[in-house]
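The values are calculated or read from the model by the stated rules, or taken from the named source; none is laboratory data. None of these values were measured; they are calculated from a predicted model. Every residue, glycine among them, receives a Cβ derived from its backbone with ideal geometry; neighbour counts consider all protein chains shown.
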């Protein structure tokens, strides 16, 4: 019998310096996947509304948002960092919570 398990891997990526440091307050990741942006007309929920709902919490929010949709975002709260990409295998272990789209890779990671 050979054991199997999912091993998180996002391909080659540079882990940004800010992600290597321990967060100063609980970190929440917001990632809604790329499939809806690449194959449909955009995200199935309003990213701006989700970010506004997290703004009142004493957390650091890291939101991965496609560059093509970043200009659609409203003014961002001070506790929100928007990036096009962050390797999930490096980001998620630093998070206290994850808001995501339910994709297999994200869920398994």
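Looking only at residues of the stretch 55-71 that are at pLDDT below 90 and surrounded by 13 or more Cβ atoms within 10 Å (Cβ to Cβ), we find that the one that is farthest from residue 11 (Cα to Cα) is 55. Among the residues of the stretch 10-69, which ones are out of contact with any strand residue (DSSP E or B) (no Cβ under 9 Å at 6 or more places or on another chain), farther than 21 Å from residue 102 by Cα and assigned to a loop (DSSP other than H, G, I, E, B)? Result: 12, 13, 14, 15, 21, 22, 56, 58.
Are any residues in the stretch 99-109 in contact with a helix residue (DSSP H, G or I) (Cβ under 6 Å, 6 or more places away or on another chain) and either in a helix (DSSP H, G or I) or modelled with pLDDT of 90 or more (or both), and if so, which ones?
none
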